[in-house]
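Asker: Have a look at the structure that comes next, please.
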Amino acid sequence: MRSDLLGNNLEQQTADHFALQNPRMLRVRLAGELMARQGAMVAYQGEMDFAYQGSGGLGKMFKKALTGEGVPLMRVSGRGDVFLADGASEIHVLTLDNESITVNGRNVLAFDPALKWDIRRVEGVSVVAGGLFNTVFTGTGQIAVTAHGTPVVLSVDAPTFADPQSAVAWSSTLTVSVRRTAGASALIGRGSGEAFQLGFSGSGVVIVQASEGPTVAPHTH
């Protein structure tokens, strides 16, 4: 069988733990355990076991129920290669070295189980507003995040603002505030229920995706 597909899209041979096969598929070389978004596995080679993990414990389960934030997880264990994707979104790998980063839960694809994580509220907006509870990862390890479209990384060297649905992740060293926009016609952020943006100040970066995320087609049932 001959095809350009066979030459251009073969598995990338690398010993890296997290390795992008292309901009929309991640391969994780596993000899132990991995935390991944439920349903993200598209293929694997070797001996693997997949176990439902929920939202990461009872306390996080209650937080998820209250906030709507959180990551529906599965624990992958075994030896071999597991391939992950999420709706053909772009995938980017972040490496933490005794650091902390805040990620929008909907953008989490997979991470090393050695990383500590928790769901935290962005101060300044009521629970009713929604969409302002995010997941904080701390420690040393790798995390793969998704983006709907190619993102931009903004260095916060001036007052910086982003739609809460478009902000994929940001340095946890940043101070986050909320800026409201006057007027009911100025609603910003799909489903936010308020006209507001996230404001960032301090030293760090903000990763912003090229949309507010995938849209859900209207239906009549």
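Just so you know, all these numbers are worked out from the coordinates, no wet-lab data involved. Computed from a predicted model, the values in this text were never measured in an experiment. Glycine gets a Cβ as well: all are built from the backbone with ideal geometry, and neighbour counts include every protein chain shown.
Asker: Return the sequence-ordered ³J(HN,Hα) values of region 153-169 in whole Hz as given by the Karplus equation 6.51 cos²θ - 1.76 cosθ + 1.60 applied to θ = phi - 60°, using x for Gly and Pro.
Answerer: Here the 3J(HN,Hα) series is 9, 9, 7, 8, 10, 8, x, 10, 10, 8, 5, x, 7, 9, 6, 7, 6 Hz.
Asker: At what distance in nm do the modelled label points of Tyr52 and Ala88 sit from each other, each positioned 7 Å from its Cα along Cα→Cβ?
Answerer: Simple spin-label model gives 3.0 nm for this pair.
Asker: For Ser203 and Arg29 in one chain, what is 0.36 nm times their gap in residues minus the Cα-Cα distance, to one decimal in nm?
Answerer: That works out to 59.3 nm of additional length.
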